[in-house]
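Reading through the structure tokens given below for one structure.
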Amino acid sequence: MDSQEQIMSDSLVRIFENVVLTEEKSLQAGYFSDLSIAEMHTLTAIGPYQSRTMTKTAEDLGITTGTLTVAIDRLVKKGYVIRQRDTKDKRVVRISLTRNGKLACRMNSKFHRVLAKRILEGYSEEDREHLLKLVGEIDTYVEQQLRKYDNTSNIRKTATEVARTSKKETPSNG
Amino acid sequence: MDDADSRSTLTDEDKRREKVFDDVIKLISESMEISPTEITSDLNLNTDLPFDSLQLYEMVITLEEAYDIRISDEDLDNVRSIDDIVDLIVRLT
């Protein structure tokens, strides 16, 4: 019989791989089959609303601006991204999503939401809360391990991390 | 009360809602190539209209751009009918 550590370790790796694989398969089978997973994640980092700078987007993705430039070149050619010079500072390049880019981004976020919804709906409310608490703790722990290897601000911020930070910044006393 | 009287008692909020309703009908009829007269406020988006999720997001993006608003997926979870979309836009604008 496998040890608890072995089961946990295997499950973590398998969940990660299978989520990415499922995402990839659903992309290939859907309307956006010309996009790779990495490209889809780049679109998600840019987001469906305001334009963003190349520097900030590269930071969020944890890649260099050089690597991002190559990815953006491809996404511009495919019609998902628009690249423009900042109107005030010509040295700054801003990127935003085309209508097709926005559609791909929103469809991908729907994929993740549906996956989470399907997983959660199999549990009672009490179990759901417990599960979310445990998953949150795993998320925090793994994030801390990542920080050990990268102490700069160039760490990809997850949605939960952003939420946690904004909560801390809200004055609680008074 | 006749029609003219009831129209004169419309509040600004009612008029705004009417305008949004007309805009939504126009956008849906154009994008789905359906006659505006076939679209009523209680139409269910999932069962009465031939929307798939891509078309739903097409419509959402069009509405977001038209009204300069952000419609979250959480908001969309509660949208079932044309009336719900109109209420949502009125709330967000």
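Hull volume per residue, based on the alpha-carbon atoms of chain B and their convex hull, is 108 Å³.
Past 20 Å, Cα to Cα, is the threshold; run A:56/A:90; A:56/A:77; A:56/A:88 against it and keep the listed order. The answer is A:56/A:77.
Peptide A:96-104 has a mean of 2 when you count, residue by residue, the C-beta atoms of other protein chains within 10 Å of its C-beta.
Positive-end ranking of B:78, B:24, B:46 along the dipole of the stretch B:13-92, with charges on Cβ about the Cα centre, is headed by B:24.
Remark: spin-label model distance residue A:2-residue A:133 equals 2.6 nm, labels positioned 7 Å along the Cα→Cβ axis. Taking other Cβ atoms within 10 Å as a rough exposure proxy, B:40, B:11 sort from fewest to most as B:11, B:40.
Listed by chain and number, the aspartates and glutamates placed with their C-alpha closer than 12 angstrom to that of residue B:15 amount to none; residues fewer than eight positions away on the same chain are left out. Peptide B:54-64 is shielded by partner chain Cβ atoms: per residue, an average of 4 of them sit within 10 Å of its Cβ.
For the protein assembly as shown, the C-alpha radius of gyration divided by 2.2 N^0.38 Å, with N the number of residues, is 1.23.
For residue A:94, the amide hydrogen comes within under 5 Å of the amide hydrogens of A:84, A:85, A:86, counting only partners 5 or more places away or on other chains and with H modelled in the peptide plane.
Between the C-alpha center of the stretch B:59-93 and that of the stretch B:15-39 there is a gap of 14 Å. Remark on residue A:81: its backbone amide H falls under 5 Å from those of A:76, A:98, a criterion applied only to residues 5 or more positions apart or on other chains, H modelled at 1.01 Å from N.
Its Cα centre serving as origin, chain A has a Cβ charge dipole (Lys and Arg +1, Asp and Glu -1) of approximately 1340 debye.
A simple spin-label model places the labels of residue B:92 and residue A:36 3.3 nm from each other, with each point 7 Å out along Cα-to-Cβ.
Read-outs throughout are calculated quantities, based only on the coordinates presented, and are distinct from any laboratory measurement. This is a predicted model, so every value here is computed, not measured. Here the Cβ is made from the backbone with ideal geometry for all residues, glycine too, and neighbour counts use every protein chain on show.
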